[in-house]
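Engineer: This is the structure I want to talk about, given as structure tokens.
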């Protein structure tokens, strides 16, 4: 590792090299998944213990961030602004391998890449994100995503949904379906609904968005309902589960959504489908019957396979949400705990925070905060902390949180990707 | 627009602040019962001793 690379790693993460080779040995750390969790874990690992071998396995040359991708759908941001390359991560001394991981053998501790190459590990950090749970929503198969984009993994799907909105004639109906929890980014559907309604109000004022929701309650609900009644009374209709909002079947040919008692016709259809941990987690044997990955609340080590740690959206971290903020924090903590374990030190309980900003209009955002104690056998939310932005706040408060959201995005992406 | 950046509204930099200043700020956020910014909501989740540790780390960790 070059001195320049080391300095770059330190300045980006603020982490000092606290572990020497004598403490950690020359262990091999493999990280699968270069999102907010995995890239952060790899960089922090290298910064904490520069003599460790740290390899990041990620198939994409450019990562496309989900946070702020709803602004692209709403026509307020370009998809290029969502892309991040791995040159900054590689400059810190992390070996970045551009490949998909096809298999993990937890017994021999070997990762097999798509080309057949193998990587052996002493500790594996899995941060693979989510996959769509195909088959969980009747009618929504792999070919449906062209006609009914999910846009729940940012990239081509995001662009497709935006294009369909642009091509829709004024007077059309946009329909969005929202799955039951848990899924990536709990307030994401409602931010997206706000920004689609904002687009329709501005560009296609005779059009309307109908949100069909499998739930009655959701993140920041009072703030979203307030924003919708103030801003989009004629452009956004939300139907919760008790108002026949739960979608049981979709038809990509006819662009229809079926609920228990109704069939809703769309001109543009956005299906946010049920999700699960990404497939590589199944192959590593770390998912349970829920499709997600149970972990120790202190070290994030899988409860099903030793020496495999799971972080980010794929892991069961409730009550922490599946968010980029949480994944980034878990990435840092996971690296610290792995270094401590390698050095023969006891893992330490931690206190983590999460903040999720959601735009409700072009220059207005709201937030939710949670603080979590990770120790013993559980993750618990601190009851007298956190909470949502004030209701009935002055426009300046919403504008300030939009500016903060923008700063947050710059900070977390530069910390994660360099 | 998403590019909005009003310096008065956005997140101020804490780079270069000493531990004493950081501690005083964090404890003030924690002690303010009616404040409703993100920082108030976060600071309430930590003990004063934990805020001290955070301030020391932030003051010393990044040079």
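A quick yes/no check of all residues on (1) farther than 30 Å from residue A:34 by Cα; (2) assigned to a helix (DSSP H, G or I); (3) modelled with pLDDT under 95:
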| residue | (1), (2), (3) |
| --- | --- |
| A:183 | no, no, no |
| A:190 | no, yes, no |
| A:199 | yes, yes, no |
| A:225 | yes, yes, no |
| A:276 | no, no, no |
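Engineer: Please work out which one of (1) part of a helix (DSSP H, G or I); (2) modelled with pLDDT of 95 or more; (3) over 30 Å from residue A:176 (Cβ atoms) is the condition residue A:72 fails and give its number.
Structural biologist: Answer for residue A:72: the failing condition is (3).
Engineer: Residues in segment A:243-258: is at least one more than 16 Å from residue A:176 (Cβ to Cβ), part of a strand (DSSP E or B) and in contact with a strand residue (DSSP E or B) (Cβ under 6 Å, 6 or more places away or on another chain)? Show your work before the answer.
Structural biologist: The first filter runs over segment A:243-258 and keeps only residues more than 16 Å from residue A:176 (Cβ to Cβ), leaving A:253-254.
So of that shortlist, the ones also part of a strand (DSSP E or B) come out as none.
No, there is no match, as no residue in segment A:243-258 is more than 16 Å from residue A:176 (Cβ to Cβ), part of a strand (DSSP E or B) and in contact with a strand residue (DSSP E or B) (Cβ under 6 Å, 6 or more places away or on another chain).
Engineer: Search segment A:338-358 for residues being buried (at least 22 other Cβ atoms within 10 Å of the Cβ) and under 13 Å from residue A:49 (Cα atoms), and hand back the single one that is farthest from the other protein chains (Cβ to nearest Cβ).
Structural biologist: Of everything passing the filter in segment A:338-358, A:338 is farthest from the other protein chains (Cβ to nearest Cβ).
Engineer: Another question, if that's okay. All but one of (1) within 13 Å of chain B (Cβ to nearest Cβ); (2) out of contact with any strand residue (DSSP E or B) (no Cβ under 6 Å at 6 or more places or on another chain); (3) touching a residue at least 40 places away in the same chain (Cβ under 8 Å); (4) surrounded by 15 or more Cβ atoms within 10 Å (Cβ to Cβ) hold for residue A:392; which doesn't?
Structural biologist: Failed condition: (4).
Engineer: OK, next. Determine which single condition residue A:159 fails, assuming it passes every other condition in (1) closer than 21 Å to residue A:189 by Cα; (2) surrounded by fewer than 17 Cβ atoms within 10 Å (Cβ to Cβ); (3) touching a residue at least 24 places away in the same chain (Cβ under 8 Å).
Structural biologist: It is condition (2) that residue A:159 fails.
Engineer: Kindly list the number of the only condition in (1) within 12 Å of chain B (Cβ to nearest Cβ); (2) closer than 21 Å to residue A:316 by Cα that fails for residue A:335.
Structural biologist: Condition not satisfied by residue A:335: (1).
Engineer: Further question: Which members of segment B:9-63 meet the condition of being part of a loop (DSSP other than H, G, I, E, B) and closer than 18 Å to residue A:373 by Cβ?
Structural biologist: B:44, B:45, B:46, B:47
Engineer: Quick one: in segment A:75-96, of everything that is part of a helix (DSSP H, G or I) and in contact (Cβ under 8 Å) with a residue 60 or more places away in the chain, which residue is nearest to residue A:338 (Cα to Cα)? Explain how you work it out, then say what you get.
Structural biologist: Just the residues of segment A:75-96 that are part of a helix (DSSP H, G or I), to begin with: A:79-82, A:87-90.
Next cut, in contact (Cβ under 8 Å) with a residue 60 or more places away in the chain only: A:79, A:82, A:87-89.
On the way: A:79: 35, A:82: 30, A:87: 24, A:88: 22, A:89: 19 Å.
Among residues in segment A:75-96 that are part of a helix (DSSP H, G or I) and in contact (Cβ under 8 Å) with a residue 60 or more places away in the chain, the one nearest to residue A:338 (Cα to Cα) is A:89.
Engineer: Among (1) part of a loop (DSSP other than H, G, I, E, B); (2) under 24 Å from residue A:285 (Cα atoms), there is one condition residue A:124 misses while meeting the rest; what is its number?
Structural biologist: Among (1) part of a loop (DSSP other than H, G, I, E, B); (2) under 24 Å from residue A:285 (Cα atoms), residue A:124 violates only (1).
Engineer: Consider segment A:201-214. How many of its residues are assigned to a loop (DSSP other than H, G, I, E, B) and more than 28 Å from residue A:131 (Cα to Cα)?
Structural biologist: To start, the set of residues in segment A:201-214 that are assigned to a loop (DSSP other than H, G, I, E, B) comprises A:204-207, A:214.
Still in the running and more than 28 Å from residue A:131 (Cα to Cα): A:204-207.
Adding up the residues that qualify gives 4.
Engineer: For segment B:17-28, indicate whether the set of residues that are free of Cβ contacts under 8 Å to residues at least 24 places away in the same chain and touching a strand residue (DSSP E or B) at 6+ places or on another chain (Cβ under 8 Å) is non-empty.
Structural biologist: There is no residue in segment B:17-28 that is free of Cβ contacts under 8 Å to residues at least 24 places away in the same chain and touching a strand residue (DSSP E or B) at 6+ places or on another chain (Cβ under 8 Å).
Engineer: Pick out the one residue from A:50, A:67 that is over 30 Å from residue A:270 (Cα atoms) and either assigned to a loop (DSSP other than H, G, I, E, B) or more than 14 Å from chain B (Cβ to nearest Cβ) (or both).
Structural biologist: Numbers: A:67 fails: over 30 Å from residue A:270 (Cα atoms).
After ruling out the rest, the residue left standing is A:50.
Engineer: Is it the case, given these coordinates, that residue A:316 is in contact with a strand residue (DSSP E or B) (Cβ under 6 Å, 6 or more places away or on another chain), in contact (Cβ under 8 Å) with a residue 24 or more places away in the chain and either over 19 Å from residue A:36 (Cβ atoms) or away from chain B (no Cβ under 14 Å) (or both)?
Structural biologist: Working: in contact with a strand residue (DSSP E or B) (Cβ under 6 Å, 6 or more places away or on another chain): yes; in contact (Cβ under 8 Å) with a residue 24 or more places away in the chain: yes; either over 19 Å from residue A:36 (Cβ atoms) or away from chain B (no Cβ under 14 Å) (or both): yes.
Yes: the conditions hold for residue A:316.
Engineer: Any residue in segment A:211-225 that's under 11 Å from residue A:188 (Cα atoms): show its pairings with residues that are modelled with pLDDT of 95 or more and part of a loop (DSSP other than H, G, I, E, B) at Cβ separation under 6 Å, as long as the two are six or more apart or on different chains.
Structural biologist: Here the result reads A:219/A:186; A:219/A:187; A:220/A:187, each pair linking segment A:211-225 to a residue that is modelled with pLDDT of 95 or more and part of a loop (DSSP other than H, G, I, E, B).
Engineer: Are any residues in segment A:395-410 facing chain B (nearest Cβ under 8 Å), closer than 22 Å to residue A:35 by Cβ and crowded, with 22+ Cβ neighbours inside 10 Å, and if so, which ones?
Structural biologist: The answer is A:406, A:408.
Engineer: Related question: Of all residues being closer than 8 Å to residue A:57 by Cβ and not in a loop (DSSP other than H, G, I, E, B) in segment A:97-121, which is nearest to the chain's Cα centre (by Cα)? Just the residue, please.
Structural biologist: A:101
The values are calculated or read from the model by the stated rules, or taken from the named source; none is laboratory data. In this text, all values refer to a predicted model and were calculated from it rather than measured experimentally. Every residue, glycine as well, gets a Cβ built from its backbone with ideal geometry; the counts of neighbours run over all protein chains shown.
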